[in-house]
Amino acid sequence: MASIFTHAFVAVAAGRVYAAGETPARFWLLSAACAVAPDADVAAFAFGIPYGSTFGHRGFTHSIAFALLLGAAVAALFFRGAEFKTKGSLVAYFSGVTASHGALDALTDGGLGVAFFSPFSGERYFFPFRPVVVSPIGVASFFSEWGVAVIKSELVWVCGPAALAAIAVLLFRQRAARRDEKA
Ligand SMILES: [Zn+2]
């Protein structure tokens with residue numbers, strides 16, 4: 001895992017770009033929840049499910065299929081009609097936010113890779129470039145030198161770029177809107 005704070009941060013940056021203007025509070029809660037949800041699979045360790053199995057850590061819950069299912073479920077259960085955004089757009093957004101979790105994990109330098117194509121293939125993947133220090137599993141070990149190294153690398157490689165990308169998109173949009181007003 002990358003740390004849950006960083007997964008949630010990326011979700012909020014994505015949400016800010018996706019939903020300009022008024023947004024219901026549950027939109028933000030669900031964005032953060034979707035980005036963190038895949039790591040519920042650390043419970044597998046407690047049940048003796050091996051890391052490398054389909055339902056082990058970074059297995060099915062980190063896959064693209066799971067992201068689509070969760071995105072569809074969140075859009076169906078928590079949003080009505082087009083009160084806020086269309087259903088299709090909400091499914092795409094929440095699936096994307098959930099999938100961002102596996103993508104971030106594939107940038108980390110430790111653990112097993114991510115089973116992007118589970119349940120169809122159990123193969124585990126990393127991206128070729130892995131600058132993010134892997135986060136320890138469990139809260140106690142997070143408050144350590146290891147935790148500090150994790151936070152540093154996530155700020156530089158994930159939170160910083162995510163914030164800059166979101167700001168760039170928002171500024172670009174603002175300018176485009178102003179140009180349209182003048183035209
Ligand atoms: Zn994870």
* Structure fact -> Calc'd 3J(HN,Hα), region 41-57, phi into Karplus 6.51 cos²θ - 1.76 cosθ + 1.60 (θ = phi - 60°), Hz, glycine/Pro = x, comes to 6, 5, 4, 4, 4, 5, 8, x, 7, x, 3, x, 7, 3, 9, x, 4
* With a ≥ b ≥ c taken as the square roots of the eigenvalues of the C-alpha gyration tensor of region 68-183, please select rounded if a/c is under 1.5 and otherwise prolate if a/b is larger than b/c or oblate if it is not? => oblate
* Taking the Cα-to-Cβ direction at Val17 and at Asp109 and moving 7 Å from each Cα, how far apart do the two end points lie in nm? -> 2.6
* Which one of Ser3, Ala106, Leu77 is farthest out on the positive end of the charge dipole of the chain, using unit charges on Cβ (Lys, Arg +1; Asp, Glu -1) and the Cα centre as origin? -> Leu77
* Structure fact -> In whole Hz, the Karplus estimates of ³J(HN,Hα) for region 98-103 (6.51, -1.76, 1.60; θ = phi - 60°; x where Gly or Pro) are 5, 5, 4, 4, x, 4
* Of all the accessible heavy-atom surface of region 55-168, with the other protein chains kept in place and a 1.4 Å probe, what percent is carbon and sulfur? -> 75
* Asked: Which of the peptides 168-179, 90-101, 9-20 is most tightly packed, and how do the rest follow, going by the mean number of other Cβ atoms within 10 Å of each residue?
  -> 90-101, 9-20, 168-179
* region 45-183, dipole about Cα centre (Lys/Arg Cβ +1, Asp/Glu Cβ -1), debye to the nearest 20 -> 580
* Can you tell me the FRET efficiency between Phe126 and Ala40 if r is taken as the Cβ-Cβ distance and R0 is 35 Å, rounded to the nearest 0.05? => 0.95
* Residues of the chain: accessible area per residue with a 1.4 Å probe, Å² -> 54
* Each label point is 7 Å from the Cα along the Cα-to-Cβ direction; what then is the distance between the points at Thr54 and Ile167, in nm? -> 4.5
* What relative contact order, as a whole-number percentage, does region 8-103 give when Cα pairs under 8 Å and 6 or more residues apart are counted? -> 30
* If you build a Gaussian network model of the chain, linking Cα atoms that sit under 10 Å apart, which residue out of Ala46, Ala76, Ala35 swings the most? -> Ala46
* To do: Give the relative contact order (percent, whole number) for region 22-162; include only Cα pairs under 8 Å separated by 6+ residues.
  => 21
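The values are calculated or read from the model by the stated rules, or taken from the named source; none is laboratory data. Note that the structure is a prediction, hence the values are computed from the model and not measured. For neighbour counting, all protein chains shown are included, and Cβ atoms are generated from backbone atoms with ideal geometry for every residue, glycine included. For the accessible areas, the whole protein counts, side chains as well, though only heavy atoms, and no ligand, DNA or RNA atoms are used. Shrake-Rupley method; radii C 1.70, N 1.55, O 1.52, S 1.80 Å.
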